[in-house]
Amino acid sequence: ARMIEVGAAVVRDARGRVLIARRKVDERGQWAELEGLWEFPGGKREDGESFEACVTRELVEELGLSITPVGRLGELAYTGGKKPVRLVFVAATAPGETALTLRVHTDAQWVEPERLGEYPFCPADAQFVREMLQS
């Protein structure tokens with residue numbers, strides 16, 4: 001099975017807070033085990049698209065948020081779901097106090113990095129949080 005390639009944006013605002021979003025129930029049930037968990041927003045990379053372009057497009061589509069990618073923080077493979085996923089975490093910045101439009105999430109929060117451990121994340125995102133917070 002070909003890996004699904006997903007870009008995840010680790011967006012910081014002017015105050016250094018990180019944007020996280022809560023997954024809503026997926027009607028298709030593809031990611032049912034991830035319902036209600038928090039994630040770094042993003043989505044599937046389309047053919048020929050860079051991960052930077054992917055997260056920029058997805059955050060406009062999902063949250064109405066314009067971001068500026070500034071680098072990559074790392075990647076990991078998640079094989080615990082129905083299909084293997086390769087997640088690439090893209091660092092990005094966003095203008096301060098932008099109103100978010102929730103199109104595919106039930107909630108979104110700007111969180112101080114040291115508080116990320118308080119949120120129940122999707123497994124792959126949780127793994128990244130542990131690695132990111134320990135560095």
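Yes or no: region 73-93 includes at least one residue that is open to solvent by 70 Å² or more (accessible area, probe 1.4 Å), closer than 15 Å to Val18 by Cα and within 13 Å of the chain's Cα centre (by Cα).
yes
Considering only region 59-87, state which residues are closer than 11 Å to Ile4 by Cα and assigned to a strand (DSSP E or B).
Listed by number, the residues that qualify are Ala77, Tyr78, Val85, Arg86, Leu87.
Right, Val104: touching a helix residue (DSSP H, G or I) at 6+ places or on another chain (Cβ under 7 Å), open to solvent by 20 Å² or more (accessible area, probe 1.4 Å), within 18 Å of Trp38 (Cβ to Cβ) and modelled with pLDDT under 95 or not?
Numbers: touching a helix residue (DSSP H, G or I) at 6+ places or on another chain (Cβ under 7 Å): yes; open to solvent by 20 Å² or more (accessible area, probe 1.4 Å): yes; within 18 Å of Trp38 (Cβ to Cβ): yes; modelled with pLDDT under 95: yes.
Spelling it out, Val104 is indeed touching a helix residue (DSSP H, G or I) at 6+ places or on another chain (Cβ under 7 Å), open to solvent by 20 Å² or more (accessible area, probe 1.4 Å), within 18 Å of Trp38 (Cβ to Cβ) and modelled with pLDDT under 95.
Filter region 107-126 down to residues that are charged (D, E, K, R) and touching a residue at least 12 places away in the same chain (Cβ under 8 Å) and give me whichever is most open to solvent (accessible area, probe 1.4 Å). Even if it seems obvious, please write down each step before you answer.
Kept after step one, since they are charged (D, E, K, R), are these residues of region 107-126: 107, 112, 114-115, 118, 125.
With touching a residue at least 12 places away in the same chain (Cβ under 8 Å) added as a condition, the list becomes 107, 112, 114, 125.
Working: Asp107: 48, Glu112: 59, Glu114: 140, Asp125: 10 Å².
Filtering first and then ranking leaves Glu114.
Looking at Gln109, is it polar (S, T, N, Q) and in contact with a Lys or Arg (Cβ under 9 Å, 6 or more places away or on another chain)?
Working: polar (S, T, N, Q): yes; in contact with a Lys or Arg (Cβ under 9 Å, 6 or more places away or on another chain): yes.
When the stated conditions are applied, Gln109 passes them.
With the requirement that a residue be in contact with a Ser or Thr (Cβ under 9 Å, 6 or more places away or on another chain) and surrounded by fewer than 20 Cβ atoms within 10 Å (Cβ to Cβ), what does region 51-68 give you? If you could, list the steps in order and put the result at the bottom.
First pass over region 51-68, keeping only residues in contact with a Ser or Thr (Cβ under 9 Å, 6 or more places away or on another chain): 56, 59-60, 62-68.
Selection gives Val60, Gly64, Ser66, Thr68.
The values are calculated or read from the model by the stated rules, or taken from the named source; none is laboratory data. All figures in this text were calculated on a predicted structure; none of them were measured in a lab. Heads up, the Cβs are rebuilt from the backbone with ideal geometry, glycines too, and the neighbour counts pull from every protein chain shown. Remember, those area values only see protein heavy atoms, side chains included, never the ligands or the DNA or RNA. Shrake-Rupley method; radii C 1.70, N 1.55, O 1.52, S 1.80 Å.
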